[in-house]
1. In nanometres, what is the gap between the two model label sites at Thr118 and Thr178, each 7 Å from Cα along Cα-to-Cβ?
2. Considering Cα pairs under 8 angstrom that are at least six residues apart, work out the relative contact order of the chain and quote it in whole percent.
3. Given a Förster distance of 35 Å, report the FRET efficiency between Ala89 and Thr43 from their Cβ-Cβ distance, rounded to the nearest 0.05.
4. Expressed as an acute angle from 0 to 90° and rounded to the nearest 10, what is the orientation of the C-alpha long axis of helix 154-174 relative to the principal long axis of the chain?
5. How large is ³J(HN,Hα) for each residue in segment 93-106, as worked out from phi by the Karplus curve 6.51 cos²θ - 1.76 cosθ + 1.60 (θ = phi - 60°), to whole Hz, x for Gly and Pro?
6. Which three extents, in whole angstrom, do the alpha-carbon atoms of segment 5-195 cover along their principal axes, largest first?
7. Run the dipole for segment 116-196 about the Cα centre, Lys and Arg Cβ at +1, Asp and Glu Cβ at -1, nothing else charged, and hand back the magnitude in debye, nearest 20.
8. With θ set to phi - 60° and the Karplus curve 6.51 cos²θ - 1.76 cosθ + 1.60, what are the ³J(HN,Hα) couplings of segment 47-60 in order, to the nearest whole Hz, using x for Gly and Pro?
Amino acid sequence: MKVNRTTLAEHRAAILAQAGQLFRRRGIAGVGVADITAAAGLTHGAFYGHFPSKQALAAESCRDSLLAAAARWRRRAARAADAGADPLAALIDGYLSRSHRDTPEIGCALATLGPETTRDPDLRAGLAAGTNALLSALVDILATSRPHIAPPDRPAVALAILSAMNGGLILARALADTPDQSSAALIAAAAAARRAAEPF
């Protein structure tokens, strides 16, 4: 039976959504094509009508997950600004929260899948594109919430903030068996991320 374009687009979106969650929960190596298609409610064969391989899907999933995260960051910052709160602090606190730490399957793909790019160069382009979207969002948030930071300095500050946030979240998850240390890592990383913008 021929499938129309709308249905094909829905199938592709379902594959990407389910793959994104499974990859973040179990790692790319821990997920098979059959796992993804079953979660999406599709047949194994349907997968290859959309993606040539699991690695191609993983690269696109990484990029799309991070592009969606960048859009969420912008919305969170805008809501904070509308409420009279500090947009940058709201973003940092949301990222380095216990709830984000404890739900990797719906969290930032950079923290869950970033380390895998060191072993798989095919993932790097997708992850890099998504990471650049996060950095662009941070630069724009800095422009409105920290206007005293000169435009040429904003990319470096954004990179420092993202490094502190991402590294802190990875460490907090790695310390899950020692809850006090894990929570302390979140707090320390949030402080470091805030300090990244203080010298300016």
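1. Placing both labels 7 Å beyond Cα along the Cβ direction yields 2.0 nm.
2. Relative contact order comes out at 21 percent.
3. Values: r = 47 Å, r/R0 = 1.34.
Efficiency, rounded to the nearest 0.05: 0.15.
4. 70 degrees
5. For segment 93-106, the Karplus-derived couplings read 5, x, 5, 9, 9, 5, 5, 5, 4, 8, 10, x, 5, 10 Hz, x marking Gly and Pro.
6. 54, 40, 32
7. Details: 7 positive and 7 negative charges, 57 e Å.
In debye, rounded to 20, segment 116-196 gives about 280.
8. Ordered by residue, 3J(HN,Hα) equals 4, 6, x, 10, 9, x, 6, 5, 5, 5, 4, 4, 5, 5 Hz.
Bear in mind that the values in this text are calculations on the coordinates, not laboratory data. The model shown is predicted, which means the values in this text are computed figures rather than measured ones. As a convention, Cβ positions derive from the backbone with ideal geometry for all residues, glycine included, and neighbour counts pool all protein chains shown.
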